[in-house]
Amino acid sequence: MARQLAYMNQRCIAFNPTKLAMEPNLTSTVDDSPSERQSVRDAIANDAASHPAVRPSTSHGAPASSILQKTVPIPWQHPALPANTDTTSRSKSLRLALLGCEPNPPYGPNEHTAQLFLDLFALCCMRHEEQQKHNGCNINTTLSWTLTLEIFNVQLNEYPVDYATYDGFIIPGSFAAAYDATDWITRLQSVIQDELVAHSRPTLGVCFGHQVVAHSFRNSGRAVKSPSGARAGRQTMQWTDAGKRLFQTDSNTVDMFVTHGDVVDQLPPTAVNLGGCDHVEIQAAAYFDTIEQAEAVRSESSTNSHATCRPYAITLQAHPEYACDRELGVQRTLFDCVAAMVQRNVVDETVAQHLRQDALDSFDAVQAQSVEIMTKACRLLGWFD
């Protein structure tokens, strides 16, 4: 039975650095031999057995193992209206399923990951409504959003019973590789194709989610180990022309936090590359129902393509959820991943100190940019309709 969780602001349980497959904003050399990969999988399996997050489900789906919910009041009045103007109250709701792919710290457990996204979406709701009211919409309305994230542990074969009851789906990060031939990853790729792609269900993929969505297209999409090495910290993405048009931005770049060791190096023809950089060519992608729609967005002459071609999935190599909060997202998630890299001798302490300090110094700017790009992504996916 689903249980309501109150997220407790305490440090995650101790993590095993040998399980880390995430990455830094520098080139690193990591042992990726079959024996090393097996030792990582064994460590994860042993830790999961010692700290079971949720019970397994049947192959036909099961209730969410846990539910996180947050109410976001937006008592905002248009500055052009007198202070004593009568206002009406209205509530909106967003119900998402998080297909949790990593039950172990430092990125997991899945409840921790869900809290990052819940806090990020709360900021996006406020940003969206603020922009709406500045544009003259709902100027005398007091709004509140109820955000619900239902968590499924796909490593334990947990999936929704009825996909149609959700407004959308989140596929977050994982220590695993999208190209690993493990049973749970194979099943996840099948679910992506049979339930999400086939029915054009609004989907957000982040890091591993970005990679596994591309790789689920089998022959036309592909994720691989990053040729330039693992990356972490603040990273700048250069928008493609298609990305600028779709996200309606005049900026050429966006800064977000990353931790990744794999990359997408090939997209299916129904997907559009939204941005990248020298060492990661595809940092974001949008997926469409048809090749014709993708070509329309890709075409430089199609300036209004965003109005007629709405993607059903948006995926990001970066982790916008790290920017949800300075303590929870950066100090208790990003920093723990960097610390694990130091313990594995992937990053030396001097470099780690620089990454940590840069993340703190740039946090306000990165948070603003992360919230802005995610607010627009939510609109494109229809979550704020």
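Read-outs throughout are calculated quantities, based only on the coordinates presented, and are distinct from any laboratory measurement. Keep in mind that what you see is a predicted model, and the values were worked out from it rather than measured. Note that we place each Cβ from the backbone using ideal geometry, even for glycine, and neighbour counts take in every protein chain shown.
Quick rundown of the values:
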read-out: Proximal lysines relative to residue 244, as straight alpha-carbon distance under 19 Å, when same-chain residues fewer than 8 apart are discounted; value: 376
read-out: Stretchable slack from residue 181 to residue 146, in nm (0.36 nm times residue separation minus alpha-carbon distance); value: 8.8 nm
read-out: Residue-count net charge about residue 123 - beta-carbon cut-off 12 Å; Lys, Arg +1, Asp, Glu -1; value: -4
read-out: Linear extension gain, residue 190 paired with residue 360, 0.36 nm per residue minus alpha-carbon span; value: 57.3 nm
read-out: Simple label model, 7 Å out from Cα along Cβ direction - residue 281 to residue 130, nm; value: 3.8
read-out: In nm, spacing of pseudo-spin labels at residue 90 and residue 299 (7 Å Cα→C-beta vector); value: 3.5
read-out: Proximal charge balance of residue 199 [Cβ under 14 Å; K/R count +1, D/E count -1]; value: -4
read-out: Efficiency of FRET between residue 368 and residue 292 - r from beta-carbon atoms, R0 35 angstrom, step 0.05; value: 0.50
read-out: Gyration tensor verdict on segment 150-300 (Cα atoms; rounded if a/c is under 1.5, prolate if a/b is larger than b/c, oblate otherwise); value: oblate
